[in-house]
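J.: Here it is: the structure, laid out below.
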Amino acid sequence: MGKILMKGNEAIGEAGIRAGCLNYFAYPITPQSEVAEYLSHRMPEVGGVFLQGESEVAVGYMIFGAAACGERVFTTSSSPGISLMSEAISYIAGAQCPAVFVNIMRGGPGLGGILPSQADYFQATKGGGHGDYRLLVMAPASVQEAVEMVMMAFPLAEKYRNPVMILGDGLIGQMMEPVEFPENLKSEPSKKDDWATNGMDTRKSKKRNLVKSLFLDPVKLNENNLILKEKYERMKREEVRFEPYNTDSDYRILIVSYGTMSRVCRTAIDNLKAEGIDVGMIRPQTLFPFPEDAVFQAASKKSCGMALSIEMSMGQMVEDVERCVHGKCPVKWYGKCGGEVPTPEEIMDVVRSNLS
Amino acid sequence: MGKTFKRPEALSEMDSHYCPGCTHGVAHRLVAEVIDELGIGGRTVGIAPVGCAVLAYNYFTFDFQEAAHGRAPAMATGIKRVRPDLVVFTYQGDGDLASIGMGEIIHAANRGEKFTTVFINNAVYGMTGGQMAPTTMPGQRTTTSPFGRDVKDVGMPIKVSELLASLQTPAYITRQSVIKPKYIVKAKKAIKTAFEYQIEGRCFSFVELVSTCPTNWGLTPVEAVKWAEETLIPYYSLGEFKNPGKAEGGSDAK
Ligand SMILES: Cc1ncc(C[n+]2csc(CCOP(=O)(O)OP(=O)(O)O)c2C)c(N)n1
Ligand code: SF4
Ligand SMILES: [Mg+2]
């Protein structure tokens with residue numbers, strides 16, 4: 001199949017279907033309501049399930065109920081909606097069910113604004129809901145990458161029996177780009193007999209299954225948390241994804257940036273190169289697991305005198321960058337978080353001012 | 001003569017953690033008997049609430065999910081939408097359903113979701129130690145209404161069955177009780193009808209059960225039954241508030 005021009009939000013909805021997920025529940029919120037609008041006619045066409053829930057709280061649990069039956073299911077929302085879903089996300093992680101959540105971030109806190117933002121980095125990577133859980137978080141920098149990440153998210157959620165989050169910003173949802181839906185990213189749902197609550201009759205063993213996150217016995221709860229921890233450690237070993245840019249050069253500054261922001265940084269890096277200034281970049285594609293080693297190695301390069309975390313937030317990812325740079329060089333933050341995307345010129349100025 | 005009173009297959013052998021005189025156990029048994037009689041254990045998924053019945057899954061022998069506080073109807077919606085062939089019920093207390101989960105139950109009922117809810121109204125938060133519920137009676141003392149529920153301050157107790165019956169979407173809504181044998185017989189019939197409507201794909205079905213919580217009412221089991229009969233039942237009147245009417249094809253609905 002060739003490329004077609006699609007708006008990010010619609011492409012994300014279609015990617016769910018192409019990944020083999022025919023169940024979608026959601027509640028409208030800007031800047032991602034087009035996903036629900038698109039799937040409201042597309043799901044019936046393919047014999048799938050579309051339901052507009054009464055709130056993101058309810059949608060979170062519709063996802064949980066469906067996921068607990070072992071059916072592929074996903075939802076999309078934006079920041080305030082994800083806050084409301086966070087209770088369910090914690091339960092889903094605790095009960096070890098696979099599900100896919102897409103957050104097309106807008107500015108916060110509170111009602112914030114409706115323009116692009118990356119201010120939910122902490123929420124996505126460090127919790128959001130209560131308890132010791134993590135999400136596998138992928139951050140697309142283009143519509144094409146959003147499609148691929150959505151398609152990859154379902155088998156990953158099943159591999160770990162854990163929620164996966166696609167963390168995009170408003171621009172990813174709103175912009176139009178040519179996309180294709182890679183055939184090789186289609187996948188079959190994995191086996192679920194030993195855990196899913198889809199009726200005892202479906203299982204040869206006839207043993208009943210329970211989906212729960214309650215462990216009143218402290219030893220059992222600790223055990224469950226150790227199982228989760230082992231999965232998160234395995235993610236760190238097997239799922240780290242990142243893209244280096246201009247890291248073969250003798251850069252004096254290393255940028256760490258993701259999503260839409262990293263595209264602006266890339267333009268700035270190209271322009272600076274024309275001026276004779278080399279800047280390297282690590283673009284995390286997974287935010288959890290974070291490319292810890294890649295950032296450390298890149299910051300350890302002899303030529304590198306500083307790492308800059310550039311993000312559309314008031315400084316969230318910078319804490320991970322600092323952690324990974326491990327004192328190899330100073331770490332600074334630059335960003336904006338009102339809905340404006342910093343321009344290449346701004347980034348170039350920041351780089352120049354840090355070189356002088 | 002063979003055994004006439006035996007444990008339903010759908011009920012596990014585990015001893016329950018419920019207090020003496022608590023009617024949660026009776027309600028469990030009725031649900032289990034109905035599931036046996038309908039022969040649906042192999043395709044049933046129950047949803048446990050957060051409340052004293054949080055461990056309900058230990059007392060049944062079929063698939064179970066455990067919800068967050070109040071969210072069971074949303075989970076049931078998720079299951080029924082993706083697996084309409086499964087039989088799904090939520091089992092919820094009055095704090096769970098009528099307070100924190102009021103939004104979820106109203107919208108599930110209004111969408112006409114094809115699952116069944118068993119609603120245990122014991123006029124108090126049992127599990128957390130007897131705080132006021134939306135169903136606590138005027139003047140009833142609880143640990144958070146130590147001078148009795150003041151309706152001028154917190155309003156009147158909510159009649160959930162009547163509230164749900166006011167929705168325009170077809171549904172089966174009934175209030176029964178499990179405090180005495182004479183009520184229990186009718187309650188079981190209602191639970192069976194509710195599951196039958198679900199299996200036929202007819203409508204949302206809801207059985208409220210006026211229940212006891214002797215522990216948090218500060219009464220003996222016998223006193224609790226008396227109080228429920230004299231105070232709760234006159235306010236929470238028993239009976240059918242709504243049924244889906246004639247079935248398609250013209251035959252009379254029950
Ligand atoms: C989000 C959340 N808030 C509060 C609680 C604490 N909590 C547990 S059970 C309960 C009340 C249960 O009362 P009810 O639903 O009437 O059930 P009963 O115990 O009376 O059967 C509360 C408030 C909780 N577990 N989760
Ligand atoms: S506290 Fe009340 S509702 Fe809970 S088990 Fe005891 S009697 Fe039953
Ligand atoms: Mg109660």
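J.: Any residue that is within 14 Å of chain B (Cβ to nearest Cβ), in a helix (DSSP H, G or I) and out of contact with any Gly (no Cβ under 8 Å at 6 or more places or on another chain) - is there at least one of those in region A:199-213?
T.: Yes - at least one qualifying residue is present in region A:199-213.
J.: Determine if region A:179-190 includes at least one residue that is in contact with a strand residue (DSSP E or B) (Cβ under 8 Å, 6 or more places away or on another chain), within 11 Å of chain B (Cβ to nearest Cβ) and open to solvent by less than 60 Å² (accessible area, probe 1.4 Å).
T.: no
J.: Here's a follow-up. Away from chain B (no Cβ under 14 Å), farther than 21 Å from A:N224 by Cα and buried (at least 24 other Cβ atoms within 10 Å of the Cβ): does that describe A:M85?
T.: no
J.: Moving on to the next point. Do we find a residue being over 19 Å from B:C52 (Cα atoms), away from ligand 1 (no atom under 16 Å from the Cβ) and under 16 Å from the mean Cα position of the chain (by Cα) anywhere in region B:88-96?
T.: yes
J.: What's the number of the condition A:P244 fails, among (1) within 13 Å of chain B (Cβ to nearest Cβ); (2) of a type outside the set (A, V, I, L, M, F, W, C); (3) out of contact with any Ser or Thr (no Cβ under 8 Å at 6 or more places or on another chain)?
T.: Every listed condition holds for A:P244 apart from (1).
J.: Out of the residues in region B:187-231 meeting the condition of being open to solvent by less than 60 Å² (accessible area, probe 1.4 Å), within 18 Å of B:L30 (Cβ to Cβ) and out of contact with any Ser or Thr (no Cβ under 9 Å at 6 or more places or on another chain), tell me which one is nearest to ligand 1 (Cβ to nearest atom).
T.: Step by step, filter region B:187-231, then rank; the result is B:K188.
J.: For region A:310-349, name all the residues that are more than 20 Å from the chain's Cα centre (by Cα) and of a type in the set (A, V, I, L, M, F, W, C).
T.: A:V325, A:C329, A:V331, A:W333, A:I347, A:M348 - these are the residues of region A:310-349 that are more than 20 Å from the chain's Cα centre (by Cα) and of a type in the set (A, V, I, L, M, F, W, C).
J.: Run down B:T116, B:T44, B:T61 and say which single residue is more than 8 Å from chain A (Cβ to nearest Cβ), under 22 Å from B:S12 (Cβ atoms) and among the polar types (S, T, N, Q).
T.: Answer to the selection: B:T116.
J.: From the list B:V54, B:V31, B:V50, which residue is more than 20 Å from A:F64 (Cβ to Cβ), modelled with pLDDT of 95 or more and either at the interface with chain A (Cβ under 9 Å from one of its Cβ atoms) or open to solvent by less than 10 Å² (accessible area, probe 1.4 Å) (or both)?
T.: From the options B:V54, B:V31, B:V50, the qualifying one is B:V31.
J.: Here's a follow-up. Kindly indicate the residue of region B:13-47 that is part of a loop (DSSP other than H, G, I, E, B) and small (G, A, S) and also nearest to B:E200 (Cα to Cα) among those meeting that condition.
T.: Filtering first and then ranking leaves B:G39.
J.: Next question. Do we find a residue being open to solvent by 10 Å² or more (accessible area, probe 1.4 Å), among the polar types (S, T, N, Q) and within 16 Å of ligand 2 (Cβ to nearest atom) anywhere in region B:101-121?
T.: Among the residues of region B:101-121, not one is open to solvent by 10 Å² or more (accessible area, probe 1.4 Å), among the polar types (S, T, N, Q) and within 16 Å of ligand 2 (Cβ to nearest atom), which makes the answer no.
J.: Taking the criterion of being under 22 Å from B:I105 (Cα atoms), without any contact (Cβ under 8 Å) to a residue 40 or more places away in the chain and of a type outside the set (G, A, S), would at least one residue in region B:179-200 satisfy it?
T.: Checked region B:179-200: no residue is under 22 Å from B:I105 (Cα atoms), without any contact (Cβ under 8 Å) to a residue 40 or more places away in the chain and of a type outside the set (G, A, S).
J.: Moving on to the next point. I need every pair where a residue in region B:66-79 that is closer than 17 Å to A:N198 by Cα and facing another protein chain (nearest Cβ under 7 Å) has its Cβ under 7 Å from the Cβ of a residue that is of a type in the set (K, R) and open to solvent by 10 Å² or more (accessible area, probe 1.4 Å), sequence separation at least 6 or different chains.
T.: From residues that are closer than 17 Å to A:N198 by Cα and facing another protein chain (nearest Cβ under 7 Å), the pairs are B:E66/A:K212.
J.: Could you identify the single residue in B:V88, B:V54, B:V50 that is in a helix (DSSP H, G or I) and touching a strand residue (DSSP E or B) at 6+ places or on another chain (Cβ under 9 Å)?
T.: Every option except B:V54 fails the conditions.
J.: Quick one: which helices (runs of 4 or more DSSP H) sit completely within region A:32-118 and have at least 2 residues that are in contact with a Leu (Cβ under 9 Å, 6 or more places away or on another chain)?
T.: Filter on region A:32-118 gives A:56-68, A:79-94.
J.: Can you find even one residue in region B:168-184 that is more than 14 Å from every other protein chain (Cβ to nearest Cβ), among the small types (G, A, S) and away from ligand 1 (no atom under 13 Å from the Cβ)?
T.: yes
J.: Looking for whichever is free of Cβ contacts under 8 Å to residues at least 40 places away in the same chain and more than 16 Å from ligand 3 (Cβ to nearest atom) here; the options are B:G41, B:G25. Which one fits?
T.: On inspection, the qualifying residue turns out to be B:G41.
J.: Looking at (1) within 14 Å of chain A (Cβ to nearest Cβ); (2) away from ligand 1 (no atom under 12 Å from the Cβ), find the lone condition where B:M102 falls short.
T.: For B:M102, the failing item is (2).
J.: Moving to a separate point now. So B:G93 ticks every box in (1) away from ligand 2 (no atom under 14 Å from the Cβ); (2) small (G, A, S); (3) out of contact with any Asp or Glu (no Cβ under 9 Å at 6 or more places or on another chain) but one. Which box is left unticked?
T.: For B:G93, the failing item is (1).
J.: Select from region B:122-144 the residues that are crowded, with 20+ Cβ neighbours inside 10 Å and in a strand (DSSP E or B) and write down the one among them that is farthest from ligand 2 (Cβ to nearest atom).
T.: B:T142
The values are calculated or read from the model by the stated rules, or taken from the named source; none is laboratory data. From a predicted model like this one, the values you see are computed outputs, not experimental measurements. Counting neighbours? That spans all protein chains shown, and the Cβs are built from the backbone with ideal geometry, glycine included. Quick note on the areas: whole protein, heavy atoms, side chains included, nothing else; ligands and nucleic acids left out. Shrake-Rupley method; radii C 1.70, N 1.55, O 1.52, S 1.80 Å.
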